[in-house]
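Asker: Below is one structure. I have some questions about it.
The values are calculated or read from the model by the stated rules, or taken from the named source; none is laboratory data. Everything numeric in this text was worked out from a predicted model, so none of it was measured. We place every Cβ from the backbone using ideal geometry, glycine too, and count neighbours over all the protein chains shown.
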Amino acid sequence: MLERMRRNYTREMYIDLVNHIKQEIPGITLSSDFIAGFCGETDEEFNETITLLEQIKYENAFLFAYSLREKTHAHR
């Protein structure tokens, strides 16, 4: 899914970065944005997002349903 969204990292790279940050800055809290329903997203991929939320334990999360926008890579 990340590759289709043109992100330049993997789930594993992201988790490693978060673990490093938490090790270097004890007590830090994190927030992030999440998009659900990106073109072609499967139930399994959606569930991977849910497990990431549970694993990272964000302080805040901003959740959005994907909306198709003209002239974007996903629209084509």
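Asker: For the range 21-30, state whether one or more residues are surrounded by 11 or more Cβ atoms within 10 Å (Cβ to Cβ) and either modelled with pLDDT under 95 or in contact with a His (Cβ under 9 Å, 6 or more places away or on another chain) (or both).
Answerer: First pass over the range 21-30, keeping only residues surrounded by 11 or more Cβ atoms within 10 Å (Cβ to Cβ): 21-22, 28, 30.
Now drop any that are not either modelled with pLDDT under 95 or in contact with a His (Cβ under 9 Å, 6 or more places away or on another chain) (or both), which leaves none.
Within the range 21-30, none of the residues are surrounded by 11 or more Cβ atoms within 10 Å (Cβ to Cβ) and either modelled with pLDDT under 95 or in contact with a His (Cβ under 9 Å, 6 or more places away or on another chain) (or both).
Asker: Are any residues in the range 37-51 assigned to a helix (DSSP H, G or I) and surrounded by 10 or more Cβ atoms within 10 Å (Cβ to Cβ), and if so, which ones? Spell out the reasoning first.
Answerer: Step one: list which residues in the range 37-51 are assigned to a helix (DSSP H, G or I), which gives 43-51.
Selection gives GLU45, PHE46, ASN47, GLU48, THR49, ILE50, THR51.
Asker: Can you tell me how many residues within the range 10-36 are outside any helix (DSSP H, G or I), under 17 Å from ALA61 (Cβ atoms) and within 12 Å of the chain's Cα centre (by Cα)? Please lay out each step first, then the result.
Answerer: Taking the range 10-36 first, the residues outside any helix (DSSP H, G or I) are 10, 25-36.
Next, from what is left, pick out any that are under 17 Å from ALA61 (Cβ atoms): 28-36.
Imposing the further condition that a residue be within 12 Å of the chain's Cα centre (by Cα) reduces the set to 31-36.
Qualifying residue count for the region: 6.
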